[in-house]
1. Conditions: (1) under 11 Å from the mean Cα position of the chain (by Cα); (2) within 25 Å of residue 60 (Cβ to Cβ). Residue 116 meets all but one. Number of the miss?
2. Looking only at the range 8-22, filter to residues that are surrounded by fewer than 16 Cβ atoms within 10 Å (Cβ to Cβ) and in contact with a helix residue (DSSP H, G or I) (Cβ under 8 Å, 6 or more places away or on another chain); which one of those is nearest to residue 53 (Cα to Cα)?
3. Tell me yes or no: at least one residue of the range 109-125 is touching a strand residue (DSSP E or B) at 6+ places or on another chain (Cβ under 9 Å), assigned to a loop (DSSP other than H, G, I, E, B) and modelled with pLDDT under 90.
4. Does the range 59-77 contain at least one residue that is touching a helix residue (DSSP H, G or I) at 6+ places or on another chain (Cβ under 6 Å) and within 14 Å of residue 5 (Cα to Cα)?
5. Tell me yes or no: at least one residue of the range 82-89 is modelled with pLDDT of 85 or more, under 20 Å from residue 20 (Cβ atoms) and over 16 Å from the mean Cα position of the chain (by Cα).
6. So which strands (runs of 3 or more DSSP E) stay within the range 1-104 end to end and still have 3 or more residues that are touching a strand residue (DSSP E or B) at 6+ places or on another chain (Cβ under 8 Å) and closer than 20 Å to residue 133 by Cα?
C-alpha cells in the first residue's frame, strides 16, 4: 500500500539542556478512499537521519527523493540538523563528540514518544550518518520497550 506524503518543513525537537534542533518530517497519510479523508490515529515506525549538513540546502534534493520513498511505504522520516548546524540552535565543536550522541539519543526518545510513532525508530545514513548511527546504536538508547536502532 502506498501512502500520501505529508511534509512538515520545520519542526523543533527539544534537547535535555533546552537547546532545540531543527527537523523536517515526512509523515505518511493514509486516505480513506470511501470518504476521501485522512485516517486519524495511525501510527508508523520512524526513520531518523541525523546530519550536520543543512537540511534545506545541498542535501535537500536527495532527502526529498529518499525520504519521500520511505514515507510513501509507511515510515515517518525525520531529517535533523545537528546542534550548531543548519537551523538548529547551539554550537558545533567537532565531529562524533559525546554531545552529538546525547542529542541523537534525545531525538530518538522524542520521536518514539510522538502520537504518530509506533515506538520503533531506525536510523538511516552513510558516511557521517552511518557512523553516528553505529555510535548511537552501541549506546542502546532507551525509548520504549519496542524501540530499536537499525542502519539501512
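1. Evaluating residue 116 over (1) under 11 Å from the mean Cα position of the chain (by Cα); (2) within 25 Å of residue 60 (Cβ to Cβ) leaves (1) as the failure.
2. Step by step, filter the range 8-22, then rank; the result is 14.
3. So far as the range 109-125 goes, yes, one or more of its residues are touching a strand residue (DSSP E or B) at 6+ places or on another chain (Cβ under 9 Å), assigned to a loop (DSSP other than H, G, I, E, B) and modelled with pLDDT under 90.
4. Yes.
5. yes
6. The qualifying strands (runs of 3 or more DSSP E) are 20-29, 44-51, 76-81.
The values are calculated or read from the model by the stated rules, or taken from the named source; none is laboratory data. Here the structure is a predicted model, which means the values were calculated and not measured. Using ideal geometry, Cβ is built from the backbone for each residue, glycine included, and neighbour counts are taken over all protein chains shown.
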